[in-house]
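Heads up, the thing below is written out as structure tokens.
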Amino acid sequence: MRKKIPIAEPDLKGNELKYVTKCIRTNWISSNGSYVPEFGEKFAKYCGVKHGIPVSNGTVALHLALLAFDIGPGDEVLIPGLTFAATANAVLYVGAKPVFLEVDRFNWCLDPKGIEKKISKRTKAIIPVHLYGHPVNMPAIMKIARKYKIFVIEDAAEAHGALVNGKKVGSFGEMSCFSFFGNKTITTGEGGMVVTNDKKLAEKVKYLRDGARDRAVSLYYHAQLGYNYALTNLQAAVGLAQLERINKFISRKRKIAEIYKKTFKGFDKIEFSPEEKWARSTYWMSSIVLTDKSKASRDRLIHRLSEANIETRPFFYPIYKLPYINHKIRLPVVDYLASNGLNLPSGVTLTEKEALYVARTVMNILS
Ligand SMILES: Cc1ncc(COP(=O)(O)O)c(C=O)c1O
């Protein structure tokens, strides 16, 4: 029987073992090791940004970014309706209100057209999410943010290395957040990063991450409520080794997307992951959306693919409908994509033969 084709598996065959071994041999396994700041600096440089603060995951990266802007109760934060729950959860952690926005029908990311009418006196920030590796139209977002004086925190958890007009995601907003979870473009197992050009914000994020200590007073003097959101040296060791090969990983993902796109060409029952002319997607997840003409339901397709040993994921559930959020609004594009979209196997270890098998199986099932 064919072995299961995973949705996304990491490739840890570079210097990961060597750097982790060094941590063990030198006894530096906690967050105090030197790989942690080195990973921060190198990843920030990769993004074209001055400062990088490694943290324990992408969710807390968003939490810290919101805290650093003093966003809290009474404030509103604009986010897309189609994203991973963490984007909304971070807003709820600080006691602010997430306000959900519609996404673009073509590129599936936050639609700049709908933003202005959702801005109120309480709006403090917007979190554009670069969904599944495709970047948001950042120049349009930045223009609106400047006009209304609201902060921009990019959620780039899924799009390391994606470009907008040749400029990296993570370098547009005042702060940007990344995830290094096991299925991400580069991974540290669990892990995350806040990047920013602003030294003061970088210091504040680091201070809050490290328990809000004021060491000038005393080693154990915590000037306010802080957090322990540190990344370990072991994780940073893996991250550094992964970062050495990030361009190779992205090329591989683009190659996989190209195979899917070519195979699906002319097949009108699905639309494949978009790529705007101004964008360079990393295709973190090669994805398809079943079109109106299709009779097959998405969940049935997922089930049939699973029977063929192909692992997939449905698109995110519309987060504004989650029971603990439950906003009584309508976002028809979000709803349509959420119920008809799925991510195909997209990992860097996927072979060309496997990608072809996946694409042909999808077409057979839907035909
Ligand atoms: C869009 C988005 N934001 C935030 C996160 C949170 O990252 P983490 O899982 O590292 O907490 C994820 C991760 O899966 C994500 O996809």
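The values are calculated or read from the model by the stated rules, or taken from the named source; none is laboratory data. Worth saying up front: this structure is predicted, and the values here are computed from it rather than measured. A quick note on method: Cβ atoms are made from the backbone with ideal geometry, for glycine too, and the neighbour counts reach across all protein chains shown. Surface accessibility is based on the protein's heavy atoms, side chains included, excluding ligands, DNA and RNA. Shrake-Rupley method; radii C 1.70, N 1.55, O 1.52, S 1.80 Å.
Number of residues in region 72-108 that are in contact with a strand residue (DSSP E or B) (Cβ under 6 Å, 6 or more places away or on another chain), within 12 Å of the ligand (Cβ to nearest atom) and closer than 20 Å to Val289 by Cβ equals 3.
Selection over region 54-70 of residues that are touching a residue at least 60 places away in the same chain (Cβ under 8 Å) and more than 13 Å from the ligand (Cβ to nearest atom) gives a count of 3.
Within region 43-66, identify whether any single residue is among the aromatic types (Phe, Trp, Tyr) and crowded, with 20+ Cβ neighbours inside 10 Å, and answer yes or no. Among the residues of region 43-66, at least one is among the aromatic types (Phe, Trp, Tyr) and crowded, with 20+ Cβ neighbours inside 10 Å, which makes the answer yes. Among residues of region 184-213 that are not assigned by TED's automatic domain parsing to the domain that holds Phe43, none has a beta-carbon under 9 Å from a residue that is in a loop (DSSP other than H, G, I, E, B) at least six positions away or on a different chain. When residues in region 276-309 are screened for being modelled with pLDDT of 95 or more and of a type in the set (Gly, Ala, Ser), 6 of them pass.
Among the residues of region 124-171, those identified as at positive phi and surrounded by 21 or more Cβ atoms within 10 Å (Cβ to Cβ) are Tyr132, Gly133, Gly161, Gly170. Selection over region 280-322 of residues that are among the small types (Gly, Ala, Ser) and within 16 Å of the chain's Cα centre (by Cα) gives a count of 3.
Residues in region 310-319 that are assigned to a loop (DSSP other than H, G, I, E, B) and either modelled with pLDDT under 95 or within 18 Å of Asn183 (Cβ to Cβ) (or both): 5 in all. Just to be sure, is Arg252 open to solvent by 50 Å² or more (accessible area, probe 1.4 Å) and under 19 Å from Val136 (Cβ atoms)? In short, no. Counting only residues that are open to solvent by 40 Å² or more (accessible area, probe 1.4 Å) and in a strand (DSSP E or B), region 91-109 holds 1 of them.
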